[in-house]
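Sending over a structure as structure tokens; questions will come in a sec.
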Amino acid sequence: MSNLAEAYSWINLRYLLEGLWVTIEVSVISIVLSFIFGSILGIIRYIRFPFLSAIVGFIIDLIRNLPLLLLLFFTYFGLPKIGIKMEPLSAAIAAMTVFESAMIAEIVRGGIQAVDTGQMEGARSVGMTYWQGLRVIVLPQAMKKMIPPLVSQFISLIKDTSLATIIVLPELLYRAQIIYGQNTRYMIPMFIALAVMYFVVCYALSLVASGLERRTS
Amino acid sequence: MINVFTQHWQELLLGFGNTLLCSVIALFFSLIIGSTFAIFEVLPYKILHIVGRVYIEVFRNIPLLVIGMFFYVVVPQFFVTLDGFTAGTIGLTLYTSSFIAETVRAGIQAVDDGQMEGARANGMSFMQAMWHIILPQAFRYVIPPLGNQFINLVKNSSVLAFVAGFDLMYQGDAIASTTFDTFNTYIVVGILYLIITLPLSYYMRYLEKKLA
């Protein structure tokens, strides 16, 4: 028991919570950026511009089918070879944004495609332009269908920030490793703390999502 | 880029094989565990329902890396020593099984209620009806999402690199750190991952369209 009290001393706990803050910071910035880029890419892919959509679609498929860890390594260790150097924080955000934008683009495209084609036809027949129909009629309906997959994507983004521990980003997992590296008796308490902290953040987000779903439907 | 492959093809192929092997093992066991918990959730017993829910929520909301490291770092301290490959594959199985449980549950619930009622009316027990009537039909709905889970599994198996699992990512990292040619090595590793995941992902998209 004294083990537990020592392991969860205020100094250790504060150190961990600072790591949780880094985790949340990286997650929020990546979520916002990848939502913006992902929506644009998803719409480009949906609209089928000649050439542009095919190229964008292929790049999205390539990125989506690579492990995020590989993109992280490539950004932090590979890109400096061609002169692009980044700190761990920016490298993590860059890699996550690239990967998640591709994932979100697919969700956005799927959401738009799930809206009945009659909606666009109706909008066009009452005199709206294609863009008006898309913006005013189709996208708001697609948004509702996109909420559940988007939220589970955001949850996996939060979990995936733990991978950035390998590029020495001082996030939650990295700090827990530092603490139990000094004293192996802290190992189990640290893993419990890790599990609880990640669980609370991710589960809270999924509860918010199911609340949102209930309100919109 | 070609150099990386011609000089290190043995390590890369070994990693490629290990990545495939651990993904297939993890898929097999997470299908069994995941389907079991999915059935728990549709059984009329409240306690099993709660057990299933807790299992799924716990493993879905904790990073795979934390689960994998638990088996590589903590478990050997107190129980048995696990090599990186085993520890990583166990972590991968537990993590994936929670997602598969959700997928299978959705598949079971997509089967019309009348099927179960009809089977029960014909004198089948709940488990018989589940096994012979519901699960075969549910299976059809879950093939495309299960395929996507397998793609995720292959991608997620890269965390074996953290626990010395000798998978593709680990070998790539080892080559990169001896040759210092990080840029090209990671591109080659990426191409090898795409060889597994890209055709699968296009096939699943085709299946989704066909079954819809």
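When you go through A:Tyr174, A:Tyr203 one by one, which is the residue that is buried (at least 17 other Cβ atoms within 10 Å of the Cβ), in contact with a helix residue (DSSP H, G or I) (Cβ under 8 Å, 6 or more places away or on another chain) and of a type in the set (Ser, Thr, Tyr)?
Only one candidate qualifies: A:Tyr174.
Okay, moving on. Tell me which residues, restricted to region B:55-101, are over 19 Å from the mean Cα position of the chain (by Cα) and either away from chain A (no Cβ under 12 Å) or among the hydrophobic types (A, V, I, L, M, F, W, C) (or both).
B:Val73, B:Val74, B:Val75, B:Phe78, B:Phe79, B:Val80, B:Thr81, B:Leu82, B:Asp83
Have a look at A:Leu139, A:Leu205 and point out the one that is more than 30 Å from B:Val163 (Cα to Cα), part of a helix (DSSP H, G or I) and without any contact (Cβ under 8 Å) to a residue 60 or more places away in the chain. So that I can check it myself, show each step before the final result.
On the way: A:Leu205 fails: more than 30 Å from B:Val163 (Cα to Cα).
Only one candidate passes the filter, namely A:Leu139.
Further question on the same structure: Mind counting the residues in region A:82-126 that are within 30 Å of B:Asn184 (Cβ to Cβ) and surrounded by fewer than 19 Cβ atoms within 10 Å (Cβ to Cβ)?
8
Then there is this: Kindly list the number of the only condition in (1) of a type outside the set (Ser, Thr, Tyr); (2) touching a helix residue (DSSP H, G or I) at 6+ places or on another chain (Cβ under 6 Å); (3) touching a residue at least 40 places away in the same chain (Cβ under 8 Å) that fails for A:Met146.
(3)
Then there is this: Could you list, ordered by first residue, the pairs with Cβ atoms under 7 Å in which the first is in region B:155-168 and more than 9 Å from chain A (Cβ to nearest Cβ) and the second is part of a loop (DSSP other than H, G, I, E, B) and crowded, with 24+ Cβ neighbours inside 10 Å, at least 6 apart or interchain?
Filtered contacts from region B:155-168: B:Leu160/B:Asp167.
Specify which of the listed residues (A:Ile82, A:Ile24) is more than 23 Å from A:Arg135 (Cα to Cα) and free of Cβ contacts under 8 Å to residues at least 12 places away in the same chain. Show your work before the answer.
Values: A:Ile24 fails: free of Cβ contacts under 8 Å to residues at least 12 places away in the same chain.
Step by step, each of A:Ile82, A:Ile24 is checked, and only A:Ile82 is more than 23 Å from A:Arg135 (Cα to Cα) and free of Cβ contacts under 8 Å to residues at least 12 places away in the same chain.
Now, a different point. When the residues of region B:55-82 are filtered to those that are at pLDDT 90 or above and of a type in the set (Ser, Thr, Tyr), which remaining residue is farthest from B:Phe162 (Cα to Cα)?
Filtering first and then ranking leaves B:Tyr55.
Can you tell me which residue in region B:1-54 is farthest from the chain's Cα centre (by Cα), limited to those that are farther than 30 Å from A:Ser206 by Cα and of a type in the set (Ser, Thr, Tyr)?
Here the answer is B:Thr6.
Step by step: first the residues of region B:174-192, then only those that are at the interface with chain A (Cβ under 7 Å from one of its Cβ atoms) and without any contact (Cβ under 8 Å) to a residue 40 or more places away in the chain, then the one that is surrounded by the most Cβ atoms within 10 Å (Cβ to Cβ). Which residue is that?
Looking at residues that are at the interface with chain A (Cβ under 7 Å from one of its Cβ atoms) and without any contact (Cβ under 8 Å) to a residue 40 or more places away in the chain, I get B:Tyr186.
Checking the structure you have, find out if any residue of region A:55-64 is within 16 Å of the chain's Cα centre (by Cα) and among the hydrophobic types (A, V, I, L, M, F, W, C). Let's see the steps before the verdict.
First, pick out the residues of region A:55-64 that are within 16 Å of the chain's Cα centre (by Cα): A:60, A:63-64.
Adding the requirement that they be among the hydrophobic types (A, V, I, L, M, F, W, C) leaves A:60, A:63.
Yes: one or more hits.
Is it the case that some residue within region B:119-137 is within 12 Å of chain A (Cβ to nearest Cβ) and either modelled with pLDDT under 90 or in contact with a His (Cβ under 7 Å, 6 or more places away or on another chain) (or both)?
Looking only at region B:119-137, we keep the residues that are within 12 Å of chain A (Cβ to nearest Cβ), and these are none.
No, the conditions are met nowhere in region B:119-137.
The values are calculated or read from the model by the stated rules, or taken from the named source; none is laboratory data. The shown structure was predicted, so the numbers you read here are calculated from the model rather than taken from an experiment. Neighbour counts are summed over all protein chains in view; Cβ atoms, including those assigned to glycine, are modelled from backbone coordinates with ideal geometry.
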